[in-house]
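Please treat every number below as a calculation from the coordinates, not as lab data. Predicted, not measured: the structure shown is a model, and the values here were computed from it. Heads up, the Cβs are rebuilt from the backbone with ideal geometry, glycines too, and the neighbour counts pull from every protein chain shown.
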Amino acid sequence: MGTGHPKFPESIYPINYGYIPNTISGDGKELDCYILGVFEPIKTFKGKCIAVLHRVNDNDDKLILVPEGKDYSDDAIRALTEFQERFFESIIIR
């Protein structure tokens, strides 16, 4: 949150974004995640996965993580991740 994209530092992320250590995604890198419901920058997070954002034409799915007890509708997930996901065709899997 408030940090730049690794390849495009001018793109500032409005939500927390990270990866799950020691996991490998379809793109050969660690599995990425959007963290919703935490409104300050964090270095680590422990919560639950409420959805997978599956990119249809890209091999880089994203987990949607939230604090225990929180939930977000598909519309809310789309709105919060639109800053990045608008460039991809995706479906939300529950």
Give me, ordered by chain and number, the residues 5 or more places off A51 or on other chains with an amide H under 5 Å from its own placed amide H.
I64
Applying 1/(1 + (r/R0)^6) with R0 = 25 Å to the Cβ-Cβ distance of T44 and E68, what FRET efficiency is obtained, to the nearest 0.05?
0.95
Checked against the structure, the computed Kirkwood radius over Cα pairs in Å among [x] 17.7; [y] 13.6; [z] 15.2 is the one labelled [y]
Can you list the aspartates and glutamates whose alpha carbon is less than 12 Å from that of K46, not counting same-chain residues fewer than 8 positions off?
E68
Each label sits 7 Å from Cα toward the beta-carbon; between A79 and E30 the label points are separated, in nm, by 3.1 nm
Picking from K29, K43, K62, which is most flexible by a Gaussian network model of the chain using Cα springs under 10 Å?
K43
In segment 13-94, chymotrypsin sites (Phe, Trp or Tyr not before Pro) in a DSSP loop with at most 10 other beta-carbon atoms within 10 Å
F39, F87
Given charges at Cβ of Lys, Arg, Asp, Glu: segment 11-86 dipole, positive-most of G26, A79, L65
L65
Just grab the label-to-label distance for R94 and I20, each label 7 Å out from Cα along the Cβ direction, in nm (one decimal).
2.0 nm
Sequence-distant residues sharing a close amide H with Y19 (under 5 Å, placed H):
C33
